[in-house]
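What follows is calculated from the coordinates using simple rules that are stated; it is not laboratory data. None of the values given here were measured: they were computed from a predicted structure. Don't worry about glycine lacking a Cβ; one is built from the backbone with ideal geometry, like all the others, and counts go over all protein chains shown.
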Amino acid sequence: MSQPTLLTMFDDNAIPARIEELAQVHTHPDATAHQLKLLATGMLNFPWTGRETLVELGTGQGLTAVFLGRVANLVGVPLRIVSVDELTQPYMRHLCNPKDPYTQNVQMWALTEVCFLCQGHPMKVTVPGRIGMVIVDRNYRDSIGRWVGRLTRSGCLAAYSPSLGFPGENTMVPAGMMGQLRTWTKG
C-alpha cells in the first residue's frame with residue numbers, strides 16, 4: 001500500500017515543505033515524522049467546510065492535536081479538533097488541571113479556538129455534528145466501530161495496528177500505512 005504524497009495535493013511546493021518542518025518539530029515518542037505526515041495527508045484529503053470535527057481518541061499531551069491544528073492553520077482548513085481521553089492513568093492525572101500539558105501546548109501554539117480536550121471514555125462521550133476524521137490511540141481500539149459509524153462520507157480513520165475485522169470495516173477503503181499506523185477513507 002503506497003503512502004499518499006502531500007506534493008500531489010498542493011500547487012505551491014512550499015506548503016509540503018512547511019508541513020515536513022512541522023512534522024519534524026512535533027515528532028514525539030508515540031508518532032514519528034512520517035506518521036504525522038500520514039495523518040496530515042488523511043486530514044487534508046477530506047473536504048472540510050468548517051462544520052466538521054476531527055476526533056482524537058487518546059491524547060496524552062495533545063502533541064498530535066497541536067501538529068494537526070498547526071497544519072490546518074497553515075493551509076487554511078477550517079476545523080475543530082476534539083481530543084477525548086479518560087485521563088485515568090496515574091501518569092495522566094496532571095491533565096485534569098488548568099496548567100496541564102495539553103492546555104499549555106494548545107496555548108503555546110495559539111490553538112485555543114481549534115483544539116479542545118474532553119474527559120471521558122470514547123464509548124460514552126458524544127461529539128456533536130459531523131465527524132471528518134477519527135484518530136484512534138492504541139488504548140482505545142475497542143472504540144473504532146462506534147466512531148466509524150459517525151464518519152461522514154470520504155472521512156478518514158487513522159488507527160495504530162487495529163485488529164482486523166473492526167465493526168464498519170466494510171465501509172472503509174485502505175488509504176495508507178506507516179509502521180503500525182494505518183489509514184482508511186470512508187467509501
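Annotations
- Each residue of region 39-50 is assigned a 3J(HN,Hα), and the resulting list reads 4, 4, 4, x, 5, 6, 7, 8, x, 5, 10, x Hz, derived from the Karplus form 6.51 cos²θ - 1.76 cosθ + 1.60 (θ = phi - 60°), x at Gly and Pro.
- Residue order, fewest to most beta carbons within 10 Å, for MET108, MET178, MET123, MET43: MET108, MET123, MET178, MET43
- Convex hull volume of the C-alpha atoms in region 6-186, normalised per residue: 110 Å³.
- For region 20-37, putting each phi into the Karplus relation 6.51 cos²θ - 1.76 cosθ + 1.60 with θ = phi - 60° gives couplings of 4, 4, 4, 5, 5, 5, 9, 4, 9, x, 9, 8, 6, 4, 5, 5, 4, 5 Hz, in residue order, rounded to whole numbers and with x for Gly and Pro.
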